[in-house]
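One structure below.
Derivation of every value follows stated rules applied to the coordinates shown; laboratory data play no part. Since we're looking at a predicted model, the values are computed, not measured. Cβ placement follows ideal geometry from the backbone for every residue including glycine, while neighbour counts extend to all protein chains displayed.
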């Protein structure tokens, strides 16, 4: 599936500032330059505070940092100084910062005085902008000058992009993403829509869960939406929803956003082979810690917990898919798990193929050729498709609409092949809850990671594994593929620099708790589908299934092996130790690599998962299991008293109100407070109680967008929580979250902090030791034409343009990263694509460009060749195959052939076709030339 999810399109990502009037924009620009100047100057002061010295290169660095703002380099500082800068205050601050004995209180006081006029002016500007927004009448217009290259972001192909007919790599303005900075403007955009410079109307479309976290929403051209809306939503309209009692606004957003999930079309899908049935729901009795809305915690034994075991999951015949797949249909989402239910019916006496769907209609799954059985929990709008005149026809109505409006079924993800399950890393969350771990145990947990760090540079297998240049990595980038094909590349200066950087990142990652244990796998979580079949075809209300309480089944592990099942986020001590059951009988029914869970277990309540595609991290290491079992004695699942989401009428004003409410809560804040507790040093019963309270709040925050409800802390609870919450984040957040030293707590004896404090993880200061683990590196093996002339005018132009683009690359990526709210690595693809495009304007020949740059960079022994590999690595890999392995990939048909001729670039058949084409072109040109000559004569 990963290979299929490569196609991307490009859209504009803007903010509410792109809809300001000229007058509003003028004072907004003043505010922005004041903020930039103030931020820049604070950075300079921070540099001075940490080093006591500020150099010209530091100033230049900060000037460059603000080039992304489309203002002159000096503008931010110029505006800062121009707006009443107090030089006397500055001198006093510098004196204090460079003093031997600093007075921090005095420094902070002087800083406050220095920045006070700027903060006052910014406050006044905000008030002025709010006033102007209140007075604005009519529909806002998108500023055309903001539709620029730097505001373009990438989006994976989805049901929506396919419905709109957007081609791969195409930039479209049919859909635009908008970030809500100014709520007064955003409200008008949501309620009234907006127009572009051409007068085309845009309307609010949706906000995904991730979009809500980042305050981003999607708008779409109304004319376009009118054409595809029925196809996206199977004809279900807001009007129909409202006639049937409405829907929770943020649930509506979540369901309409399903069309934007990265996906591929589900080829061969037939809605006629599908039905929807009730979920498998039972009461499971067990011991829980129950927390009510007043924060009272009571341990309840033999407590009945109602569990929807198939929450988000359905089943399909293995002939439909032999892997578990995440699916998307209009108002459908979830996981489909291959299950031979036809075999179940045939082999179980008394089993009936007749089942009743959620609307009361009976279906014979054999005679009616049913191969996919969805569940009610997967069908988010089932209640709005009820046929009031004939309820039995309700599912037929959906199927008719699906076909009539040419709706699409899509696959968002599928499980990987068995040999594709790479070992996964632990995280600080699952480590920090193990509060009783000795240093020798911690050294064992970190041993494989430490081994890789120490051997990196002098053990070829470790080098290839850590760099990802091994057979296990099925999705290598060009550089990794090149090293795999030509390991001598390890001796190149660029590779050594990459190895140094990789080692530093490896150490930083390890200090943050990301440790490798052999056998760690990440898989889909599935219910006991045999129990589901017992319910469906044997009418057993309390089915037993194939697994008992305390058992799971995952075919990646041995029968009888103990497994620690984990899920993110891991906040409390959510380690679920289970015995793995894998035998001949179970393998007949559990035919995927999912981890199947028992219907007699409270595991779903402990790990707080549903089965719509949630994944579990499985740890099988025996010593780890022993450590965990010691740490989770007495731990039981938490149960909460939470409010339910209420339906409302769906209109744009109500949607805006719900979005604004959702923006007010940040799940990260609560989770960081929990991390502070676990890393406070001595975790006693009181600390664990605080974690339980915060878990209640964390779950309330998750649901807040839908429920608009948060529990009210009693005063005594608030005091206890603030004892921990008001402190700084733990010291290892320097590595985990790139926090500065001044913003973290002092290092203490918490389990994750000890990785660094007790030098369990080697320091970055320890130099990497390179040994000759491969033969001599010859860069000519990276060339197609080993006699390429880099002094020609064309080559010089390419080199100069490359150097210019390489200098700007970092800031271009950094800017796009801020725009998209994604990591720099995730947005690098589009920037590289643009750089490649600019170099092709000089000469549209990737092979020639690659040769010029390889000769230029390797001849001068440049240590930084990242851009070369990112932009033209595919060509270099092609050359390595040709030079080292005497193979090439045909330029036209992409088949792999042995090289039989010098300068060969195609297979024999494609070269024959190419020669015929060129011959035809020559003859045509000759005829045209002859005609021109005859006319002249």
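As a rough guide to protection, the peptides 769-782, 269-282, 627-640 ranked by mean Cβ packing within 10 Å, highest first, stand as 269-282, 627-640, 769-782. Between the alpha-carbon centres of region 862-906 and region 235-296 there is a gap of 49 Å. Comparing Cα centroids, region 717-744 and region 502-554 end up 32 angstrom apart.
Under the simplified labelling scheme, the residue 672-residue 559 pair shows an inter-label distance of 5.0 nm, with each label point 7 Å from Cα along Cα→Cβ.
Packing order of peptides 695-705, 553-563, highest average first: 695-705, 553-563 (average count of other Cβ atoms within 10 Å over each peptide's residues). Note on residue 43 and residue 391: the model spin-label points, each 7 Å out from Cα along the C-beta direction, lie 6.4 nm apart.
The length gained by stretching the chain between residue 749 and residue 764 to full extension, at 0.36 nm per residue less their Cα-Cα distance, is 3.3 nm.
If a spin label sat at a point 7 angstrom from the Cα of residue 417 along the line to its beta carbon, the backbone N atoms of region 863-900 nearer than 19 Å would be those of 895-896.
The listed peptides 567-577, 462-472, ordered by packing as a protection proxy, come out as 567-577, 462-472 (highest mean of other Cβ atoms within 10 Å first). Taken as Cα centroids, region 783-798 and region 363-417 sit 60 Å apart, rounded to the nearest whole angstrom. In angstrom, the C-alpha Rg and Dmax of region 145-213 are 13.1, 36. Stokes-Einstein diffusion of region 139-255 at 25 °C, 0.890 mPa s viscosity, Kirkwood radius from Cα pairs, rounded to a whole number: 159 µm²/s.
Three principal axis extents describe the C-alpha atoms of the chain; from largest down they are 89, 86, 69 Å. Estimated purely from DSSP H runs of n ≥ 4, each contributing -39500 (n - 2.57), the mean residue ellipticity at 222 nm for the chain is -14000 deg cm²/dmol once divided by its residues.
For residue 712 and residue 741, the difference between the fully extended length at 0.36 nm per residue and the C-alpha to C-alpha distance is 7.1 nm. Model label points for residue 239 and residue 214, set 7 angstrom from Cα along the Cα-to-Cβ axis, are 3.6 nm apart.
The ranking of 923, 188 by Cβ neighbour count inside 10 Å, starting from the fewest, reads 923, 188.
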